[in-house]
Amino acid sequence: MNIRFSTPHQYVFIHENVKHLLLVWSKEAKKQLFVVEEEEEAMTLTYPGETYLETVLAQVEPIFFRQLETEDESFPVALGATFDFRGQRIGMYYNREKPGGHPFFFRLENEELKDIPDEEYEEVARTFLEEFPEYIVNNGD
């Protein structure tokens, strides 16, 4: 069985070691949040209740969608995961226009994205891949 939602705004992300699905319904300006449990070939979506939804959205909504700017371009990103690294909260972001591309990591501080020093960046990426191996995609490269 293959289920599709009639909104193109569907975002799977991990927060507090829990996988979530965020649906954004533009016409109604409504957001729905589900907890995702994977078991072999099946995914179970569970509605966690209003209190949980409000708590998680309060934590991630201010940092969920951002616009990244490099020397060459500007592009929209979405939060893919949050995790801790050496006592700091880290956010993994992906390009919304090219979701299969390389992830971007930032330190999350007071609803702001802070650059991670070059000497720590590789270790942050390695920690992420160890904690969330399901994000490793083999593109045949």
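Descriptive notes on the structure:
- The stretch 36-130 holds strands (runs of 3 or more DSSP E) entirely within its bounds, and those carrying 2 or more residues that are surrounded by 13 or more Cβ atoms within 10 Å (Cβ to Cβ) and aliphatic (A, V, I, L, M) map to 42-46, 74-85, 88-95.
- Residue-level analysis places Pro76 outside the set of residues that are touching a residue at least 24 places away in the same chain (Cβ under 8 Å) and closer than 26 Å to Gln10 by Cβ.
- Qualifying residue in the stretch 27-34 (condition: surrounded by fewer than 12 Cβ atoms within 10 Å (Cβ to Cβ), in contact (Cβ under 8 Å) with a residue 12 or more places away in the chain and assigned to a loop (DSSP other than H, G, I, E, B)): no
FYI, it's all coordinate maths here, none of it is from the lab. All values derive from a computational prediction rather than experimental measurement. Positions of Cβ are generated from backbone atoms using ideal geometry, with glycine treated the same way; all protein chains shown enter the neighbour counts.
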